[in-house]
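Notes to accompany the following structure.
The values are calculated or read from the model by the stated rules, or taken from the named source; none is laboratory data. Since the model is a prediction, treat every value here as computed from it, not as a measurement. Please note: Cβ atoms are built from the backbone with ideal geometry, for glycine as well, and neighbour counts cover all protein chains shown. Side chains included, ligands, DNA and RNA excluded: accessible areas come from the protein's heavy atoms. Shrake-Rupley method; radii C 1.70, N 1.55, O 1.52, S 1.80 Å.
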Amino acid sequence: MAYSMADVSGMSGVSLSELGQYAETGLLNPAFVGPDEDIYYEEPELLRLQQILFCKEVGMEEEEIGPMLRDTPRDMIRIMQQHRIEILEKALRLHGLIQTLDKTISYLRGEQELSKDELYAGFSNKGRHRLLNEATSDHATKKYSEQKQTEASQKYNAISPEPSTLPEVQEMKSKEDFLDSQAKLDRIHLDLQSAIENGLEPGSPEVQQIIGRHLEWIKGYYTPTAEIYRDLGNLYVEHKNFRQMYDGYHPKLAEFLRDGMMIKAEQDLS
């Protein structure tokens, strides 16, 4: 079935001018031009437009999108699975920000206490993305971060004539919290590794007790719903950086943890 440019614009929310621009740049060519000189799209073009929108949704620049587009179903599936992971990561971070908003609103209403650290939970520049535990930073990123910290420190000193150790104290506290958090997570992984080696099942009481500790660790960052916790378990299996980390403990750990999380989500979060 063929769809006019106006039809596609209405379905996708992409303006007529954008569709025209995509045609001019070759990013999205029409299937054919009708006798009425209107542009028409068919299913392959609709799928390609969806790929374009997913690429834009995960923050890709328009000039980067073209090389990412694929025409064969197999390649499209692979790219879409990657989009799914990226969007899920974004959703998890946004969920954490929603939790921070809810807590702040309750605090302002006088309904609950709120620590100063909780004010900034979920913001990526506070390092909360370490929840995903991805070892993807490189030397250039580290150097840039150090440069920005130095610039920030210089600006702070410039407007504050009195010396202050407050930034250092906060940084040390953050490091201590992070190291303690990572030590707890490492212990959880080691205990799950032992459970696998001892032939325990993910639904066994012993393993579910360990998964409970994992859930409590997650709650140190935000309180997940059952759906979010299940999606996080799937992310552990699907994301290559997670797989590399869990394979370092045991080649079956990613699936074992995910299966345990699915049971925990059903029993304790539903």
Please go through region 64-95 and pick out each residue that is open to solvent by 70 Å² or more (accessible area, probe 1.4 Å), touching a helix residue (DSSP H, G or I) at 6+ places or on another chain (Cβ under 9 Å) and at pLDDT 80 or above. GLU64
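What about ILE65, is it in a helix (DSSP H, G or I), of a type in the set (A, V, I, L, M) and touching a Cys at 6+ places or on another chain (Cβ under 6 Å)? Step through it out loud before you land on a result.
Numbers: in a helix (DSSP H, G or I): yes; of a type in the set (A, V, I, L, M): yes; touching a Cys at 6+ places or on another chain (Cβ under 6 Å): yes.
Here the answer is yes, as ILE65 does meet what is asked.
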Within the set of pairs 6 or more residues apart or between chains, which connect a residue that is modelled with pLDDT of 90 or more inside region 41-57 to a residue that is open to solvent by 50 Å² or more (accessible area, probe 1.4 Å) with Cβ atoms less than 6 Å apart? TYR41/TYR3
Run GLY220 past the list (1) in contact (Cβ under 8 Å) with a residue 60 or more places away in the chain; (2) open to solvent by 50 Å² or more (accessible area, probe 1.4 Å) and report the number of the one that doesn't hold. (1)
Failed item, numbered, when THR100 is tested on (1) open to solvent by 60 Å² or more (accessible area, probe 1.4 Å); (2) under 18 Å from the mean Cα position of the chain (by Cα): (1)
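Quick check on my filter: what residues within region 187-232 are in a helix (DSSP H, G or I) and of a type in the set (Gly, Ala, Ser)?
Residues of region 187-232 that are in a helix (DSSP H, G or I), as a first pass: 187-197, 205-219, 226-232.
Once the filter is applied, which keeps residues that are in a helix (DSSP H, G or I) and of a type in the set (Gly, Ala, Ser), region 187-232 yields SER194, ALA195, GLY212, ALA226.
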May I ask you to list the residues in region 6-52 that are surrounded by 18 or more Cβ atoms within 10 Å (Cβ to Cβ) and touching an Asp or Glu at 6+ places or on another chain (Cβ under 7 Å)? LEU28, PRO30
